[in-house]
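Laboratory data are not the source of any read-out in this text; all were calculated from the coordinates shown. Note that the structure is predicted; figures quoted are calculated from it, not measured. We place every Cβ from the backbone using ideal geometry, glycine too, and count neighbours over all the protein chains shown.
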Amino acid sequence: MEPTIRHILSLSGGKDSAALAIYLRDRVAEMEYIFHDTGKELPETYDYIARLGDILGRDIVRTTPDDPFDHWLAVYGDMLPSNHRRWCTKMLKLKPFEAYVGDGPVINYVGLRADEARTGYISTKPNITAVYPFREDGLVRADIIRILEESGLGLPAYMHWGRSRSGCFFCFYQQKIEWVRLKRKYPELYEEAKVYEARSAESTQGFTWAQNESLEELERPERVAEIEKNWARDQERRRKLRSDLPLAAVLADADVEPEEREGCLICSL
Ligand code: SF4
């Protein structure tokens, strides 16, 4: 007898995977919804996942890893994760995902949109087939916003205070302006990130979360002012660029996403 194919959708706490869950709610009845909780997510992410579960009318399984972030930080010699040392995604997201999936055939639904060129860091296990319904159906950012608004879920609340991505509060993919905002919104989380940085500095070559500066340097008032000034200038440049865009691109909100959209699909879709 052929093994049953399971259908799995990983939620990151981001808008695109949430919209995909709503989009497929009535099309894939046997869908399993999972959320890879690193234990270091933003408070808004937990709230968003809970509200999404209510809207779906389904349980969302948390694949919390047995060993938390602190354990793996010690295993990796207190070396902070980074773009080139992305042990966090592997140990806290991908491995728990693969353990949950097991060895049977699985279709994994991924929320990449038709208007983005991102490639992902996703599981390559041979029993897992990734599919991209938004891409296949030509859905772009404006469609995702509409799906979320119509469902009553809306955008994740962290986007309202200027954080662009889901994932760990200390994620190294965040922009410097997002560190500034994190400190303002959740000073205690900023302090926690500083503690990890100090711990790492003791046993490594002084790796930092943000590029080329420590969080202690980044939080100095003159540096904060500079980061905010640079960000405002960049926004102005993008606004100008937007006025040069073809109307179709403007309508699709093609330029609204932050330019830097790298990151792992499993963390930030
Ligand atoms: S959100 Fe960032 S820090 Fe957290 S697991 Fe993903 S890449 Fe690592």
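Simple spin-label estimate for ALA117 and ALA232 gives 3.2 nm between the two label positions (7 Å along the Cα-to-Cβ direction from each Cα).
Taking label positions 7 Å along the Cα-Cβ direction at both ALA225 and ARG242, the computed distance is 2.8 nm, reported to one decimal.
For the chain, what proportion of DSSP beta bridges, expressed in % and rounded to the nearest 5, is antiparallel? If we restrict to bridges inside the chain, about 10 percent are antiparallel. The lysines within cross-link reach of LYS95, meaning a Cα-to-Cα straight distance under 24 Å and a gap of 8 or more places when in the same chain, are LYS15, LYS40, LYS125. Can you give the net charge of the other residues whose Cβ lies under 15 Å from the Cβ of ARG223, counting K and R as +1 and D and E as -1? Taking every Cβ under 15 Å from that of ARG223, the sum is -1. For the stretch 46-87, the residues whose backbone nitrogen is under 18 Å from a point 7 Å from the Cα of ALA29, taken along Cα to Cβ, are 56-59. This ranking places PHE172, PHE69 by how few other beta-carbon atoms lie within 10 Å of each, fewest first, which gives PHE69, PHE172. When GLU236, GLU222 are sorted by how many other C-beta atoms sit within 10 angstrom of their C-beta, beginning with the fewest, the order is GLU222, GLU236.
Is the C-alpha gyration tensor of the chain telling us rounded, prolate or oblate? Criteria: a/c under 1.5 is rounded; beyond that, a/b larger than b/c is prolate, otherwise oblate. Oblate.
Here the label points at ARG199 and HIS84, each 7 Å from Cα along the C-beta direction, are separated by 2.4 nm in the simple model. Bridgeable lysines around LYS229 (alpha carbons under 24 Å apart, same-chain partners fewer than 8 residues away excluded): LYS176, LYS183, LYS185, LYS194, LYS240.
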